[in-house]
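Everything on this sheet refers to the single structure shown next.
The values are calculated or read from the model by the stated rules, or taken from the named source; none is laboratory data. Bear in mind the structure is a predicted one, so any value in this text is a computation, not a measurement. Using ideal geometry, Cβ is built from the backbone for each residue, glycine included, and neighbour counts are taken over all protein chains shown. In case anyone asks, the SASA skips ligands and DNA or RNA and just uses the protein heavy atoms, side chains included. Shrake-Rupley method; radii C 1.70, N 1.55, O 1.52, S 1.80 Å.
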Amino acid sequence: MIYSLPYAETVRVKWHREGNVSYLILQPGMKPCTSIKKLCKVFSLLFSTFTVLYLIYIVVLMKIALPSSTSTFPLLRWTESEEPVCKHNVTRDTIIKVKNSRTYLIAAYLDLQSGRTIRILGITNRYEQDVLLCDFCLSGTNNTTFVEFQIHADHFDFPYGTTDLLCKLPDERIPDYISIYQMDEPSQTYLKIQNTKKHDHGIPITFRYDFLVCVSTMFGSYNNILQFIQSMEMYQILGAKKVVIYHTDSSLLMKKVLSYYKKLKLVELVPWPITSFLNVSTGWHYPEHPGDLHYYGQTAALNDCIYRNRYRTKYIALTDIDELILPIMHKDWPEMIDSLLRIDSATSVFIFENHVFPTTLQDKTNSLTPPEWASIPGLNILQHVYREPNRPSEINPTKMILNPRNVVQTSVHVPLEFVGEQYEVSGDIAKLCHYREPKQKDLVKDNLIKDTIMSKYETVLVQRVNRLLSKLRLMKKRTAKDQ
């Protein structure tokens with residue numbers, strides 16, 4: 001395209017593009033303007049006005065299309081779709097550290113119940129919080145907002161605590177990926193946003209499971225093989241179809257057992273390399289138990305398990321491997337929860353009182369316990385039928401069965417934020433049986449309460465455990481010398 005300007009050489013208009021940047025270049029021609037002077041002036045004025053208006057239009061258009069971009073972008077530059085870049089830089093790690101910060105990210109979830117928000121579960125320093133940005137990966141644009149931190153109330157006084165990083169969506173679109181970074185240090189690592197397919201009114205028509213168990217952390221070369229197998233089989237007897245375990249470490253033999261349960265599609269392992277990032281505590285309270293984070297990041301794992309399985313299961317049981325929620329009046333969890341819901345249909349969280357069965361006292365008179373189990377590493381819960389009396393003056397470390405769609409935040413023993421009602425289940429309906437070292441160490445046998453709550457499950461449990469031990473070839477046959 002060639003235009004003639006007054007008292008000047010011919011001007012050649014040319015577009016030049018380098019990558020994603022386009023430039024308007026005015027090149028001098030070879031011939032002077034030979035038209036009438038006034039006509040040239042009018043034409044020149046019109047051309048100049050058109051050029052200025054066009055450039056203003058382009059700048060305004062770019063500002064509207066890229067509201068969060070910086071003001072230093074080159075003239076006539078546009079941002080192409082970020083989606084391919086995001087897709088190829090999505091992390092597969094369970095835990096990642098935000099660059100040059102004190103914040104660690106676990107997973108991102110769409111949370112429309114909290115007002116069109118992406119909720120990123122993480123861990124952060126409670127005393128030195130970072131200023132972080134959310135970068136939404138949306139097709140054709142690039143949106144950023146500031147992170148809102150919500151540190152969970154139950155941090156047990158440790159320097160680091162479980163945290164929700166909230167990122168408000170800028171419009172009606174729902175991104176597939178998001179990154180979190182400090183200002184001036186954009187991240188090329190993105191988290192896949194989960195639960196995006198379940199946002200239509202929140203609840204799918206059917207659930208994959210009725211009951212799922214979340215086991216917070218397995219660590220320290222865990223090798224309690226027999227009790228673990230007993231718990232896995234009891235979970236199934238009680239009605240659970242999936243057990244999610246946040247796995248830091250276990251023994252080689254335990255890994256073999258876990259692998260078998262994974263093949264059966266009962267166990268799902270979530271890698272939990274928390275010890276690679278923080279100095280975790282082996283206890284529950286600071287400073288009596290030194291470390292930067294409470295008990296291997298237990299509350300972070302539990303909250304992630306709730307959101308990860310929010311639309312997979314009707315209910316989630318939050319227990320440890322050495323605990324069992326045992327119904328007394330009902331045969332299993334589905335029957336018990338159905339009965340309790342008839343009492344209060346608005347219940348979202350069912351609380352079960354903890355009862356300690358000290359592992360230091362054994363009852364070996366149970367004829368149903370196979371003697372071959374003695375060769376298996378770990379505890380045999382069928383040999384522990386005495387429990388400590390609870391002291392009313394002490395806070396009871398309860399555990400829960402909950403509706404994951406109605407829980408916003410949870411601690412280990414109670415929910416922190418939820419919708420609906422909380423129902424404290426009485427001890428004559430069900431008990432949380434905790435097989436552990438004595439809590440009241442001064443009690444003798446006569447001070448304990450004999451409790452055969454496991455008796456109605458014993459026969460079927462022994463059959464199931466024997467079958468699995470045989471398949472794994474873990475049970476040694478007794479010889480005449482052993483008898």
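Things worth noting here:
- Qualifying residue in segment 252-261 (condition: open to solvent by 10 Å² or more (accessible area, probe 1.4 Å), modelled with pLDDT of 95 or more and touching a strand residue (DSSP E or B) at 6+ places or on another chain (Cβ under 7 Å)): no
- Test result for residue 292, over 17 Å from the mean Cα position of the chain (by Cα) and of a type in the set (D, E, K, R): yes
- Matching entry among 165, 132, 169 (being closer than 16 Å to residue 303 by Cβ, under 20 Å from the mean Cα position of the chain (by Cα) and modelled with pLDDT of 90 or more): 165
- Residue 158 fulfils the conditions (1) closer than 18 Å to residue 95 by Cβ; (2) in contact with an Asp or Glu (Cβ under 9 Å, 6 or more places away or on another chain); (3) at pLDDT below 90 except for a single criterion, (3).
- Residues of segment 161-185 satisfying the condition of being open to solvent by 30 Å² or more (accessible area, probe 1.4 Å) and in contact with a strand residue (DSSP E or B) (Cβ under 7 Å, 6 or more places away or on another chain): 168, 170, 173, 174, 176, 182, 183
- Conditions (1) buried (at least 20 other Cβ atoms within 10 Å of the Cβ); (2) within 30 Å of residue 147 (Cβ to Cβ): number failed by residue 192: (1)
- Unmet criterion (only one of (1) more than 12 Å from residue 222 (Cβ to Cβ); (2) open to solvent by less than 50 Å² (accessible area, probe 1.4 Å)) for residue 264: (2)
- If the condition is being of a type in the set (S, T, N, Q) and in contact with a Phe, Trp or Tyr (Cβ under 6 Å, 6 or more places away or on another chain), then segment 164-191 contributes 179, 187.
- When segment 88-118 is filtered for residues that are in a strand (DSSP E or B) and touching a helix residue (DSSP H, G or I) at 6+ places or on another chain (Cβ under 7 Å), the ones remaining, listed by number, are 106, 107, 109, 110.
- Residue tally, condition over 27 Å from residue 294 (Cβ atoms) and either β-branched (Val, Ile, Thr) or touching a Ser or Thr at 6+ places or on another chain (Cβ under 9 Å) (or both), over segment 116-159: 12
- Count of segment 180-192 residues, restricted to those that are assigned to a loop (DSSP other than H, G, I, E, B) and either among the basic types (Lys, Arg) or touching a residue at least 60 places away in the same chain (Cβ under 8 Å) (or both), is 4.
- Yes/no for residue 448 being touching a residue at least 12 places away in the same chain (Cβ under 8 Å) and in contact with a strand residue (DSSP E or B) (Cβ under 9 Å, 6 or more places away or on another chain): yes
- Residues that are buried (at least 16 other Cβ atoms within 10 Å of the Cβ) and at pLDDT below 95, drawn from segment 330-369: 361, 366, 369
- Of all residues in segment 371-423 being among the hydroxyl-bearing types (Ser, Thr, Tyr) and modelled with pLDDT under 95, the one that is nearest to residue 474 (Cα to Cα): 375
- Residue count, segment 369-386 (criterion: touching a Lys or Arg at 6+ places or on another chain (Cβ under 8 Å) and touching a residue at least 40 places away in the same chain (Cβ under 8 Å)): 5
- Whenever a residue of segment 168-179 is within 19 Å of residue 90 (Cβ to Cβ), its partners that are outside any strand (DSSP E or B) and of a type in the set (S, T, N, Q), lying with C-beta atoms within less than 8 angstrom and at least six residues away or across chains, give the pairs 174/196; 176/196; 179/187; 179/188; 179/189.
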